[in-house]
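Reading through the structure tokens given below for one structure.
Quick note: the coordinates plus some simple rules give every number you see, no bench work behind them. As the structure is a prediction and not an experimental result, all values here were calculated from the model. All Cβ positions, glycine included, derive from the backbone under ideal geometry; neighbour counts span all protein chains shown.
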Amino acid sequence: MNGKKEIDCGCSRGYPERSWVQFLILRVLYEKPSYGYKVVKLIKDLSEGRHQIKYGTAYTLLRRMEKNNLLISKWEKNKGAPDKRIYRVTRQGARLLKTWLEMIIERKKIMDKVISIYEKYFRDKKIK
């Protein structure tokens, strides 16, 4: 990967297309540590409803990501409510998120060029 050390996430070798949900989890937790139920809601909101993760899937991924040192968790006591397991991104998780974001930025440049074909030949035009 361009001379950079690849971070082993225990998922799909650093490709967000194959690990999109894990990427989204890192994305939302990097900004604000949270608990599983809230992570699912934040991802749904971030993706404008396009990614609706089942809670069982989310908790399985959160635990796997913790096992792979991408996240850490700590139980938070709540008076009058169930305790919550709060997940935070580790330094390794932040490095992986940065790598994935850099890859997405590079791919966006390519996509912008591809989209320019649409703008030039297809936008507001009928195909003959």
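Size of the dipole of the chain about the Cα centre, Lys and Arg at +1 and Asp and Glu at -1 on the beta carbon, nothing else charged, in debye to 20?
100 debye
In sequence order, the stretch 42-48 has phi-based couplings of 5, 5, 4, 5, 4, 8, 6 Hz under the Karplus curve 6.51 cos²θ - 1.76 cosθ + 1.60, θ = phi - 60°, and Gly or Pro positions carry x. Pairs of Cα atoms nearer than 8 Å and 6+ residues apart set the relative contact order; for the chain it is 25 percent. Of the options (i) 10.1; (ii) 10.8; (iii) 7.2, only one is mean projected area of the Cα convex hull in nm² as computed from these coordinates, and that is (ii).
Packing here is the average count of other Cβ atoms within 10 Å per residue, and on that basis the peptides 21-31, 49-59, 67-77, 111-121, highest first, run 21-31, 67-77, 49-59, 111-121.
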